[in-house]
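All remarks here apply to the structure that follows.
The values are calculated or read from the model by the stated rules, or taken from the named source; none is laboratory data. Here the structure is a predicted model, which is why all the values come from computation and not from measurement. Cβ: placed from backbone, ideal geometry, glycine included. Neighbour counts: every protein chain shown. Accessible surface areas use protein heavy atoms only, side chains included; no ligands, DNA or RNA. Shrake-Rupley method; radii C 1.70, N 1.55, O 1.52, S 1.80 Å.
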Amino acid sequence: MKKIYALLFATCLFVSNVAKADEGMWLLSLLEKLNYKDMQAKGLRLTPEQLYSVNHSSLKDACIWFNGGCTGEIISKDGLILTNHHCGYDAIAELSTVQDNILDNGFWAKTKADERKPVRPMSITRIVRVDDITDEVLKQLAGVAEKDRSMKLMEIYKGIQKKATEGTHYEASCKEMFKGNAYYMFIMEKFTDIRLVGTPPQNVGKFGGETDNWMWPRHTGDFSMFRVYVGADNKPAEYKAENVPYKPEHYLPVSVKGVKEGDFAMIIGFPGRTNRYEFSHGVALATDVVNPNIVNLRDLRLKAWKEQMVQDDATRLLLSSTYASIANYWKFFDGEAQQLKHNKVYEKKSAEEKAFAAWAENKEEYKTLLYDIDQAYTVYKPYALQSTYLRECIMAPTIMQLASFGIGLDILYAKKAVVLADANKSKEEKAKAATEIDSTIAKTCRDYLRALAEVDYTERIQTADKKIFAGMLMMYYKNIPSNQWPAAFTKIAAGIKNGNAEAVFAKYTEMIFAKSMFVSKDKVAEFLKNPVAKKLYSDPAFSYLKSHRDNYNTNFKSKVDEFQMQALALGRKYIKGLMEMQPNRVFYPDANSTQRLTYGSVKSYDPKDAIHYDFVTTLEGVMEKYVPGDYEFDLPSKMLDLYKAKDYGRYAMSNGKLPVAFLTDNDITGGNSGSPVMDGSGNIIGLAFDGNWEAMSGNIHFDQKLKRTINVDIRYVLWLIEKLGGAKHIVDEMTLVE
Ligand code: ARG
């Protein structure tokens, strides 16, 4: 009997280990120890050294952090970079004008000399090595009180980073893992001369728009290409026309062999943020409070912008990149809330917490943990919308972003007033201190003037902005309890009688836009050149913003900070406890914009009863979705010609169709966008660009059955470059594996 149980138990363990293999965003430097055998069993044909090596070139060198928010990969010996279209979107849109509209028309550089320098500087970052600094950090943290921990950490990081990079051109970044149970340092090489090589037209690169975003079946050619340039010594250098293409440590060969269900697939990238060890309380807060509010606030902003964007191309080009990124997470937060509920994540987390509580019952260190969590959330919940509203409501109108220049100056003016009123200072001392502050003010104004140049605030944008401002007043009025309002807002709302809130807010909005200097970039510039405090303080837009800022800072900031500190400390303790409770489980740290690897396989799924989703989409599907003239589903006419001619060349599948996108069960999140999907030999087979709707709860809970990664098939990318873009020379630059 016993034996049978033991055996059963062992098989269960085995089965669950296998099933879990696709979950996890693993640190590359730990693969050999934690995952290598499993990866090999699943189809990896590389050595650990070929994945990550400090001394030799390895895959880690080819998979780079793209512009601080995405991933890219080097795919030629001349520093050619592949990433998503939505990662290059900003750069592409900023280079576009109504006359030279590369966003809508696409672009391929005929020669290196044609490659475009972005309007704003970009960067890519290579990981040089990763050091485990846990012992050193924890030693230095010993005895430090929780409230001083984050300050102390900054100091510790600074010391370690300085030592690690002294005498090199590298940068270092220390990162907390497992909410502070481990620490790692990433030594990085950052390149800043990045140029645009090419992009498909956006109705291919963003085909399906917001309607298809976060969903399968998908038909988007979501890619763009850049190149890294360096000095003659192959080291990072600021942009110079005479810089040369970067010769990388490693670049990825491109496989055109195609994929089939079950094939091994791994992804290396820079996932931004997950919260897999979140408490059930946090899940409830997201589904019931925070997410629905973010969705409604963004909805308002998007509608107002869209109304203007469809009216003229210039406004559309100005707003489209920001629009896309706001829309992306507008849909994300909606889907996340829906799927957290649908996939019963609250219930799953609660059950895990119950099991933990039972285990912890008589363990001094852990026995009150769940009670403490409960307490922390109960205290925090009434204020949980404060920071969200500051960010997504108060600061949403562009006029508030301009008025926020005043916040920095306000602080300096206040500082000056204190100095001048200081009874302990002589007249000379006061004058000296005041002059110093004045020069800081002047410098700050110069910085703001530069920032101002980057803000777009045309008349059309302002029309939308007014609607947004008025709408946000209403949202604040409806959703924030009146005992949390700043006095200034209470005064505005006092004018509301018999449900005429809309009229009151419309009138207030008219007043702001008629009287504030922040409606005009010229007026703001004039003020910044001669920053008279009185002018700022008499500005109604600034006063409005300041009332909210001050209200937040005096009444809520300390509560929010306190909660965040507690949640982190309790989370740290929870993970530590879980590790003791489950000594055989292999833990992976939450995503935190550091380089990770996830491995699994090409895999279809069943989203609902009686529905099966195949793992691959084709050009036929693109044509099925095609709607001439539509904002999201139009196509370039050349694409239709190519489709009619079935001109797929070597990129067709064995059934004669052209592949577009495919699914894997890898574990990715935002930040992984643009990551290479590789076969067992490290050849690129696709480009990760999204997650699927049914698993939008994935940042908090990895659902084995439902979570998928959506990838563009590399053969579609190559076809689009060669046939649609007529840029075969770019394909020829790569190393193809046939
Ligand atoms: N959902 C994708 C991601 O977060 C971004 C897709 C961008 N496209 C868009 N329609 N906004 O990686």
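Using unit Cβ charges (K, R positive; D, E negative) and no other charged atoms, how large, in debye to the nearest 20, is the dipole of the chain about its Cα centre?
Numbers: 97 positive and 94 negative charges, 266 e Å.
Once rounded to the nearest 20, the dipole reads 1280 debye.
In whole Hz, with x marking every Gly and Pro, tabulate ³J(HN,Hα) for segment 378-394 from phi via Karplus 6.51 cos²θ - 1.76 cosθ + 1.60, θ = phi - 60°.
Working through the residues one at a time gives 4, 5, 7, 3, x, 9, 4, 8, 4, 5, 4, 5, 4, 6, 9, 10, 4 Hz.
With runs of 4+ DSSP H residues as the only contributors, calculate the mean residue ellipticity of the chain at 222 nm using -39,500 (n - 2.57) per run, divided by the residue total and rounded to the nearest 500.
Working: 31 runs with 351 residues, N = 738.
Only helices count here, giving -14500 deg cm²/dmol.
Counting heavy atoms of the protein chains only and a 1.4 Å probe, report the per residue accessible area for the chain as a whole number of Å².
Numbers: 32920 Å² over 738 residues.
Dividing the accessible area of the chain by its residue count gives 45 Å².
Please report the accessible area of residue 78 (heavy atoms, 1.4 Å probe, ligands and nucleic acids excluded) in Å², nearest 10.
In the full protein context, residue 78 sits at about 20 Å².
Please compute the net charge surrounding residue 309, taking Lys and Arg as +1 and Asp and Glu as -1 over other residues with Cβ under 11 Å from its Cβ. All intermediate terms of the calculation are to be shown ahead of the outcome.
Numbers: positive: 303, 306, 316, 460; negative: 307, 312, 313.
Counting the neighbours of residue 309, the net charge comes to +1.
Hey, can you grab everything whose amide H is under 5 Å from the amide H of residue 107? Only 5+ residues off in sequence or another chain; H modelled, so Pro and N-termini drop out.
199
Ignoring ligands, DNA and RNA, please state the percent of accessible area on the chain from carbon and sulfur, probe 1.4 Å. Kindly include the intermediate steps, with their values, before the conclusion.
Details: 17820 of 32920 Å².
Accessible surface attributable to carbon and sulfur in the chain totals 54 percent.
Taking a threshold of 29 Å on the Cα-Cα distance, which of the pairs 381/576; 331/608; 625/705; 443/507; 331/576 fall above it? Let's see the in-between values first.
Working: 381/576 26 Å; 331/608 20 Å; 625/705 27 Å; 443/507 37 Å; 331/576 34 Å.
Going by Cα-Cα distance, 443/507; 331/576 fall outside the 29 Å limit.
So how do 539-552, 424-437, 250-263, 648-661 stack up, highest first, on mean other-Cβ count within 10 Å? Please list the in-between numbers first.
Values: 539-552: 20.4, 424-437: 12.0, 250-263: 18.6, 648-661: 16.9.
Ranked by mean Cβ neighbours within 10 Å, highest first: 539-552, 250-263, 648-661, 424-437.
Would you calculate the volume per residue, in Å³, of the smallest convex hull containing every Cα atom of the chain? Present the calculation step by step, with values, prior to reporting the outcome.
Working: hull volume 153.6 nm³, N = 738.
Hull volume normalised by residue count: 208 Å³.
Going by a ≥ b ≥ c, the root eigenvalues of the Cα gyration tensor, does segment 620-738 fall in the rounded group (a/c under 1.5), the prolate group (a/b larger than b/c) or the oblate group?
Working: a/c = 2.15, a/b = 1.36, b/c = 1.58.
In terms of gyration-tensor shape, oblate.
Please work out whether segment 433-493 counts as rounded, prolate or oblate from its C-alpha gyration tensor, where a ≥ b ≥ c are the square roots of the eigenvalues and a/c under 1.5 means rounded, while otherwise a/b larger than b/c means prolate and anything else oblate? If you can, show how the numbers build up before the last one.
Details: a/c = 4.26, a/b = 1.48, b/c = 2.87.
Note, shape of segment 433-493 comes out oblate.
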